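The values are calculated or read from the model by the stated rules, or taken from the named source; none is laboratory data. Note that the structure is a prediction, hence the values are computed from the model and not measured. Every residue, glycine among them, receives a Cβ derived from its backbone with ideal geometry; neighbour counts consider all protein chains shown.
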């Protein structure tokens, strides 16, 4: 039985600043991954089964005065991939988690082993922005993202006029923020 493709959300800055070449369908890319838990329903959110190994210094205080708010980190080992995990609950061993795999501007919470895969699909991801007060653009919290299939990742992304159009309370603008890629881990 073959593995399903691994879907990864890649931040546009990773491409725009030259940290990685713009992927194209058929290319092989190598990424260090993070897994971020999320209950949001969207194409980049998936449920995974993996083994979680907590880091030795797993409990990090987020700066709350009472020390009650902690961030736990560890390494997730999936079927042919590895990612750094962070969460607000201590976990270890076999886990089933819902969230997204990300590669965010060459930043990872630990030096996890890179995943290498054959690119089978690329979608440019656009997030909605609005100006509820009419003063500044903000991400729309409950807005739906848009996804556009492409053969090759653009070298830069459309900011949706956020830096050239004055904010207005009745306008929604879409800003391209990165790409969603499907990776075939067996096709190499």
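Some values worked out for this structure:
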{"read-out": "All positions within the stretch 121-149 that are under 13 Å from residue 166 (Cα atoms) and assigned to a strand (DSSP E or B)", "value": "129, 130, 138"}
{"read-out": "Pick from the stretch 75-88, criterion over 16 Å from the mean Cα position of the chain (by Cα) and in a loop (DSSP other than H, G, I, E, B), ranking: nearest to residue 35 (Cα to Cα)", "value": "78"}
{"read-out": "Residue within the stretch 126-142 that is closer than 30 Å to residue 185 by Cβ, exposed (fewer than 13 other Cβ atoms within 10 Å of the Cβ) and in contact (Cβ under 8 Å) with a residue 24 or more places away in the chain present", "value": "no"}
{"read-out": "Which numbered condition residue 91 fails, given (1) at pLDDT 80 or above; (2) within 28 Å of residue 179 (Cβ to Cβ); (3) assigned to a loop (DSSP other than H, G, I, E, B); (4) in contact with a strand residue (DSSP E or B) (Cβ under 7 Å, 6 or more places away or on another chain)", "value": "(2)"}
{"read-out": "Which listed residue, of 167, 154, is closer than 16 Å to residue 25 by Cα and in contact (Cβ under 8 Å) with a residue 24 or more places away in the chain", "value": "154"}
{"read-out": "Residue match in the stretch 160-175 (condition: within 17 Å of the chain's Cα centre (by Cα), closer than 30 Å to residue 133 by Cβ and assigned to a strand (DSSP E or B))", "value": "yes"}
{"read-out": "Enumeration of residues in the stretch 15-45 that are under 13 Å from the mean Cα position of the chain (by Cα), under 19 Å from residue 82 (Cβ atoms) and either assigned to a loop (DSSP other than H, G, I, E, B) or at pLDDT below 90 (or both)", "value": "32, 36, 37, 44"}
{"read-out": "Residue that is modelled with the highest pLDDT, among those in the stretch 46-74 that are surrounded by 14 or more Cβ atoms within 10 Å (Cβ to Cβ) and outside any strand (DSSP E or B)", "value": "55"}
{"read-out": "Filter pass, residue 97 being surrounded by 13 or more Cβ atoms within 10 Å (Cβ to Cβ) and assigned to a loop (DSSP other than H, G, I, E, B)", "value": "no"}
{"read-out": "Residue 117 vs. criteria free of Cβ contacts under 8 Å to residues at least 40 places away in the same chain and within 26 Å of residue 25 (Cα to Cα)", "value": "no"}
